[in-house]
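Trainee: Dumping the structure here so I can ask a few things about it.
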Amino acid sequence: MKKLLIVTFLGLLTACSILGTTYSGNTIADNTLKSDVEQSLGKLFFYDTSCRVSSIHTEIDKVVFQPDGVTPKASYETWTATGCDQTRKFNVQMIADKNGETDITVGMKP
């Protein structure tokens, strides 16, 4: 009985996304950048759906590299957010600036 109760409780935590957003797919973003993008994306998603994001699937559309051919200069990606059985797609641009930081732009796809 205790095992069933624990499994049920863990299932509820996952369903309510208390454990955080789950990610799948490919992105150039590290965990800090993912968090920054998720904050912006989450606000847009909530405004459109009145729900919180529970999962995000990332796809790299295009990467532009620095002259060294290794370091990304810009990444253009599609992030698909899901929450409350609703899905929205977002254009995500991550562009390195001259200070070594990354500027992000997030917009909902039509």
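The values are calculated or read from the model by the stated rules, or taken from the named source; none is laboratory data. Nothing here was measured: the structure is a model prediction, and the numbers come from that model. In this analysis, Cβ positions are derived from the backbone assuming ideal geometry, glycine residues included, and neighbour counts consider all displayed protein chains. Protein only, heavy atoms only, side chains kept; ligands, DNA and RNA dropped before computing areas. Shrake-Rupley method; radii C 1.70, N 1.55, O 1.52, S 1.80 Å.
Trainee: Applying the selection to the range 41-57, what residues are farther than 17 Å from I104 by Cα and either open to solvent by less than 20 Å² (accessible area, probe 1.4 Å) or in contact with a helix residue (DSSP H, G or I) (Cβ under 9 Å, 6 or more places away or on another chain) (or both)?
Mentor: The answer is T49, C51, R52, V53, S54.
Trainee: So in the range 93-110, with the set limited to residues that are open to solvent by less than 80 Å² (accessible area, probe 1.4 Å) and among the charged types (D, E, K, R), which one is nearest to D61 (Cα to Cα)?
Mentor: Result: K109.
Trainee: Is one or more of the residues making up the range 51-61 acidic (D, E), modelled with pLDDT of 95 or more and touching a Phe, Trp or Tyr at 6+ places or on another chain (Cβ under 6 Å)?
Mentor: yes
Trainee: Let me ask something else about it. If you go through the range 56-90 one residue at a time, how many are touching a Ser or Thr at 6+ places or on another chain (Cβ under 7 Å), of a type in the set (D, E, K, R) and without any contact (Cβ under 8 Å) to a residue 24 or more places away in the chain?
Mentor: Residues meeting the conditions: 2.
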